[in-house]
Structure formats: structure tokens, C-alpha cells
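A short worksheet on the structure shown next.
The values are calculated or read from the model by the stated rules, or taken from the named source; none is laboratory data. From a predicted model like this one, the values you see are computed outputs, not experimental measurements. Glycine also receives a Cβ, built like all others from the backbone with ideal geometry; neighbour counts cover every protein chain displayed. Side chains are part of the model used for accessible areas, which takes the heavy atoms of the whole protein and leaves out ligands, DNA and RNA. Shrake-Rupley method; radii C 1.70, N 1.55, O 1.52, S 1.80 Å.
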Amino acid sequence: MSAKLILIVEDELAIRQMIAFGLRRAGFEVREAMDCREARQSLADQRPDLMLVDWMLPDMSGLELTRTVKRDRRTRELPVILLTARAEEGDKVTGLDSGADDYVTKPFSPRELVARIHAVLRRAGTGALDHIVEFDALRLDQQSERITVGGQTVPLGPTEYRMLEFFMTHPERVFSRDQLLDRLWGGNVYVEERTIDVHVRRLRKSLEKYGMDRLVQTVRGSGYRFSTKAQ
Ligand code: CA
């Protein structure tokens, strides 16, 4: 299985190089473009498996580029992750409306970005064979659907597994109970918001003896967040 190719569209050299370095280390192949014009040339030349697009670009906004790509029959299926700055956070919805598959807010860690890329590739059905996500000693293997700590399997119910898988592939973000219901139950089934708390409690209990329950954090008044940073 050959390495997945990621096209990075970012005009700031330092950020582009930092991302490229992190992605190469994670086993991806990388192509770089500094504006939309270069990105289009690169797309015509060789189709990547995923495109990372900075929102603010000199010739055209990353949002506009995403729209163009998603409107074109030949590139419609290409997964796109938008890179946004804090100031643009309020425009997130617009970002997703443009057809972007996900967005990552700057500043982000290479590890977070890699986790999000894996998640998007997986959803697109073109993910790498080996879906390993690690945080400290906690390891998620999406292939075998197993969670381990230091090689020991953590016994989890199916819902707790799905919940932890979701958290580990969307780290450092706060999700409301409503959003979690939507992402984990698909919004088709009638499930009370309290159900989320019950499963979070069970998940924490399973992680407790490994000292990993601290990663599943309650954000008062908002919901839950998976984070390796102390609260
Ligand atoms: Ca930029």
C-alpha cells in the first residue's frame, strides 16, 4: 500500500514547512502549493488523496478554492480540510457549507492534524490500512477496534468504544451533548442527552485504572472534550 498524498495549500512558508515535516514523519507524501493558482496546477498534474487548504490565501480565499474543487465533477470526491485562524472561528459553518470535510483551527499540533487527516480519509473510504491513533500510552487501533494501554486491552462496551474512537480522532475540541448524540447515534434514534453522561461515566470508569480517565474532560456548561492537556 503506497503512502497517501496530501496537498498543502498555504502561503506562509514556515507553517507550510512545519505541516509538511509533520506529515512526512507520519508517513504521508506531501506536495506544496503557496496559492490557489499553484494548487490548481498541482491538482491537474497529480491527484492527491486529501487537500489541506488555508483559509487566507493571497490570490483567492481557501474557501473559494474549496467550493471550486467541490463543484468540479473531477475533484468532487477529494477530501478537503480547511485550516482556519481563531478569528475565523465564527465562520466555521460557512467553511463546512463550502463543502470542506473538516476544519482545523490554528494553532494546532502536528499530532492533532494527523489524527484529523486519518479520520477524514477513513470517512472518505481511502484511509491508510493501519489506523493507529495514540495519546500518551493510550492507543486506538481502528482496524481491530481495540483500545490498549501499554499493550493491555482496555475492555469497553461498543458505545464506549465508539465514543472513545470519536474523541481520539477529534482531540482538543469541545462537543456538546447534542453534537455527540448526532455524531455517535446519527440523530435517527431518539436518545436523551443524559444518555451521553451515562456513557461518559462508564468510559471514564474503564479508563480509570490506567490513569487515563483524565483525558475525557467535562467542560462546564458546554459538554465534553478529549485532551491530553491538564484541565
Ligand atoms: Ca495564509
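Considering all C-alpha pairs of segment 5-129, those separated by over 25 Å amount to 13%.
A Förster radius of 30 Å, combined with the Cβ-Cβ distance separating Met56 from Glu77, puts the computed FRET efficiency at roughly 0.70. Counting only DSSP H runs of at least 4 residues, each contributing -39500 (n - 2.57), and dividing by the residue count of the chain, the helix-based mean residue ellipticity at 222 nm comes to -12000 deg cm²/dmol. Since only Val104, Ala14, Ser61 are under comparison, the one whose Cα sits farthest along the positive direction of the charge dipole of segment 5-129, derived from C-beta charges on Lys, Arg, Asp and Glu, is Val104.
Dipole check for segment 5-129: with +1 at the C-beta of Lys and Arg, -1 at the C-beta of Asp and Glu, and the Cα centre as origin, the magnitude is about 480 Debye.
With N counted as the residues of the chain, its alpha-carbon radius of gyration over 2.2 N^0.38 Å works out to 1.05.
What the chain shows is 52 Å² of accessible area per residue, with the surface traced by a 1.4 Å probe over protein heavy atoms. Split the accessible area of segment 131-226 by element, probe 1.4 Å, and carbon with sulfur accounts for 43%. Under a model in which nothing but the beta-carbon of Lys, Arg (+1) and Asp, Glu (-1) is charged, segment 1-61 shows a dipole of about 300 debye around its Cα centre. Across segment 33-40, rounded Karplus estimates of 3J(HN,Hα) from the backbone phi angles (6.51 cos²θ - 1.76 cosθ + 1.60, θ = phi - 60°) give 9, 9, 7, 5, 4, 5, 4, 5 Hz, Gly and Pro being marked x. With every protein chain in place and a 1.4 angstrom probe, the accessible-area ranking of Tyr210, Tyr190, largest first, reads Tyr190, Tyr210. Along the chain, the longest continuous region that contains none of the trypsin sites (Lys or Arg not before Pro) in a DSSP loop with at most 13 other C-beta atoms within 10 Å is 77-208. With all protein chains in place and a 1.4 Å probe, the accessible surface of segment 5-129 carries 50 percent carbon and sulfur.
In summary, the lysines within cross-link reach of Lys106, defined as a Cα separation below 28 angstrom excluding same-chain residues under 8 places away, comprise Lys4, Lys70, Lys92, Lys229.
Per the Debye formula on identical point scatterers at the alpha carbon atoms of segment 131-226, with no solvent, log10 I(q)/I(0) at q = 0.11, 0.18, 0.19, 0.23 Å⁻¹ is -0.29, -0.79, -0.88, -1.28.
What the pair-distance distribution of segment 98-171 shows, using all Cα-Cα distances binned every 10 Å from zero, is 18, 51, 27, 4, 0 percent.
With K and R counted +1 and D and E -1, the other residues having a Cβ less than 10 Å from that of Phe108 yield a net charge of +1. Helix 13-25 axis versus longest C-alpha principal axis of the chain: approximately 60°, rounded to the nearest ten.
Simple point charges give the picture: +1 on the Cβ of Lys and Arg, -1 on the Cβ of Asp and Glu, and for the chain a dipole about the Cα centre of about 580 debye.
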